Amino acid sequence: MINLLKMDLTRFLTNKIMYVFLLVFIAFQMFGIFMLKQYEQPVEAGEILIRRMNESEFIQMMLAQTPSWILMYIAVFSVYFYMSEYNSGFYKNYISMNNARRNSVLSKILILGIFTLFMFIVMLIADLIGRSLFFQQAAIGDSGYFVKLLIGQFLLHWAFAIVVLCAVMMIKQAIPSIVIGIILSLNVFGMVAGALESLVSDTNLSAYLLVNTIVDIKDFDQINDVVHVVSVAIIFLFVFSIIAVRYKRKEDLR
Amino acid sequence: MSNAIIEVKQLSKQFKSNVAVNNVNFNIRKGDIFGLIGPNGAGKSTLLKMIGGLIYPSSGEIHLFDHTMRENHPYFERMGLLIEEAGIFPHYSAYKNLDLIAISYGIKNRKKHIEQLLELVGLDKSNKTKVKNYSMGMKQRLGIAMALIGSPDVLILDEPINGLDPQGISEIRQLILELNKTGITLIISSHILEELSKVATTYAILHHGKIIEIISKEELLLQCEDRIELEVDDPKMTVLILENHLGIQRYKVIDDHTIYVYETDIETQQIIQSLAENKIFVHSIAKHKQSLEQYFLERTGSSGGADD
Ligand SMILES: Nc1ncnc2c1ncn2[C@@H]1O[C@H](COP(=O)(O)OP(=O)(O)O)[C@@H](O)[C@H]1O
Ligand SMILES: [Mg+2]
């Protein structure tokens, strides 16, 4: 396990495309903030001006807007990282090792976690620079709240990466998998499920779908909201990790 | 067979309605070079993938080193695989590709190990070219080096000389023999018998997923050696005359009527004459010539071999 992880990590860290991804993301994120400044609207009751927002509020505002760019980057990277190895057939060289099938999936999952972490760090850097450039402030706000928000959203995004990993493992083709990833990022599925549910009952189970949980603005001072976020994240993380490992163990490899 | 390190029993693999490998049985002993021959689509790669643990059998059993294999069994670890195309990252150099696997095997002293392997397969260790720019032959060599990481006991090479020039072919053959000398058991597949004829110790002919024949190198060479086929009434007498009157040492009595003589420089006329003088009636006599390829095609249907 450790050795396979080391191998994936070497491949991940020496991969120029990963850094290009992060740079492009920074650039677009700052450009997005610049556009917010250009088109800042006078707000309606109950909302706050972007220039008054702290980082927690800013992140929540950005994540609530679909399409979620950060989800798209994660989706595309997950597909890329898996497919580049799958297409090359490189796995054939190590898959006969004991438990290599399970371990290689676990290692992919960890790498996607690291990539998600990098995305969050880069997002914070871009936000803070962008906000101080265009809104002349970069307040973080309550640090306890900020940390809870980051951890919660990080887990949700990581779980999302694993969902995409599962999809690409089963689809085995890059382009269709990316399309699925983007559809998931646009939350088409969550919105349709929500609409259907509201037609047939007055429950709100679809709010517990992964991407719905990501885009809904939550109050991390409310224990209910924290439980909601953490439980959805952990359940999706575990369920899709287990599906991915089981699938790989049974898979007939090319 | 107790000294078999690989035993395959009733092994089958079905893809939807297509039976790619059908009830295959064989044993491979330690130190063998096992040649698997069959036309394209015969099921060679499918069979090798099952033995290497890449795909799962639909039915049947594989025993490696006296242990029954099920999914993810540790004994697969002692196999080095080069099946179909070599699994290499096209945008990395040979060294980097090898380094990544060496890391995944937890090998200490990677640099030394990799440099030794590159030298063994005849690749330049300071070559920084991306593998995608390699020739077919260089990719195959790299593939073999990759399969050798982790010092396997068994090396599976699927059509290792496919697409190589004659020079490359002879170098890979040399390499195969060298590896075999270090104690590695090899399984090699090919759709051309001739390619393997100089290295393998045992041959299995696979056709439409079934093994049609398993034959040792000696038997095969004997089968394909030029010979005079002689049909007589009294083989016992005939043999005495062949030995005593004509000085023939290399012959084989096939059945009650048939004798094969492998000393083909003798004239058939001479044989007939000697036998007639001793009142032995010759029903027929013919010179028989068969190339390895003919032998193979005869068994896989003479339609030219490739059937897909
Ligand atoms: N993954 C697969 N799915 C469906 N059919 C397959 C698959 N792999 C191989 N086959 C079929 O099995 C047969 C044997 O293929 P293969 O083992 O590649 O033959 P060989 O290596 O001898 O050329 C062929 O008819 C091929 O089309
Ligand atoms: Mg093949």
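Give the shape of the protein assembly as shown as rounded, prolate or oblate, defined through the alpha-carbon gyration tensor: a ≥ b ≥ c are the square roots of its eigenvalues, a/c under 1.5 means rounded, and otherwise the shape is prolate if a/b is larger than b/c and oblate if not.
Because a/c hits 1.5 or more and a/b exceeds b/c, the protein assembly as shown counts as prolate.
In percent, what relative contact order does region B:227-288 have, based on Cα pairs under 8 Å that are 6 or more apart in sequence?
51 percent
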Simple spin-label estimate for B:LYS279 and B:MET136 in nanometres, 7 Å along Cα-Cβ: 6.5 nm
Förster radius 41 Å - calculated FRET efficiency between B:GLU213 and A:LEU13 (Cβ-Cβ, nearest 0.05): 0.20
For region B:227-288, convex hull volume per residue from C-alpha positions, Å³: 67 Å³
Simple label model, 7 Å out from Cα along Cβ direction - B:ILE272 to B:HIS73, nm: 6.0 nm
For a label point 7 Å along the Cα-to-beta-carbon line of A:LYS37, residues of region A:109-135 with backbone N under 19 Å: A:123-135
Accessible area of B:TYR203 in the full protein assembly, 1.4 Å probe (Å², nearest 10): 0 Å²
Rounded if a/c under 1.5, otherwise prolate or oblate - region A:72-211, Cα gyration tensor axes: oblate
Filtered chymotrypsin sites (Phe, Trp or Tyr not before Pro), region A:8-40: DSSP coil and at most 16 other beta carbons within 10 Å: A:TYR39
Net charge of neighbours whose Cβ lies under 14 Å from the Cβ of B:ILE215, counting Lys and Arg as +1 and Asp and Glu as -1: -4
Charged-residue dipole, Cβ positions (Lys, Arg, Asp, Glu), region B:69-210 about Cα centre, Debye nearest 20: 500 debye
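Test of the criteria: in region B:185-289, which trypsin sites (Lys or Arg not before Pro) are in a DSSP loop and have at most 14 other Cβ atoms within 10 angstrom of their Cβ?
Details: sites: B:LYS198, B:LYS210, B:LYS217, B:ARG227, B:LYS236, B:ARG250, B:LYS252, B:LYS279, B:LYS287, B:LYS289; in loops: B:LYS198, B:ARG250, B:LYS279, B:LYS289.
Here the sparse-neighbourhood loop sites are B:LYS198, B:ARG250, B:LYS279, B:LYS289.
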FRET efficiency, 1/(1 + (r/R0)^6) with R0 45 Å, evaluated for B:GLU61 and A:VAL192 via beta carbons: 0.40
DSSP-assigned coil residues among GluC sites (Glu not before Pro) in region B:260-293, each with at most 11 further Cβ atoms within 10 Å: B:GLU267
Total formal charge among the other residues, if their Cβ is under 15 angstrom from that of A:LEU110, Lys/Arg +1 and Asp/Glu -1: +3
Pairwise centroid distance, computed over Cα atoms, of region A:201-251 with region B:46-63, Å: 38 Å
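Shape of region B:4-221 from its Cα gyration tensor (a ≥ b ≥ c, root eigenvalues): rounded if a/c is under 1.5, otherwise prolate when a/b > b/c, or oblate?
prolate
Once you have the Cα-Cα distance between B:ASP265 and B:ASN40, take 0.36 nm times their residue separation minus that, and quote the gain in nm to one decimal.
Roughly 77.2 nm would be gained on extension.
The values are calculated or read from the model by the stated rules, or taken from the named source; none is laboratory data. Small disclaimer: the values here were computed from a predicted structure and weren't measured. Please note: Cβ atoms are built from the backbone with ideal geometry, for glycine as well, and neighbour counts cover all protein chains shown. Areas reflect the complete protein model, heavy atoms only, side chains present, ligands, DNA and RNA absent. Shrake-Rupley method; radii C 1.70, N 1.55, O 1.52, S 1.80 Å.
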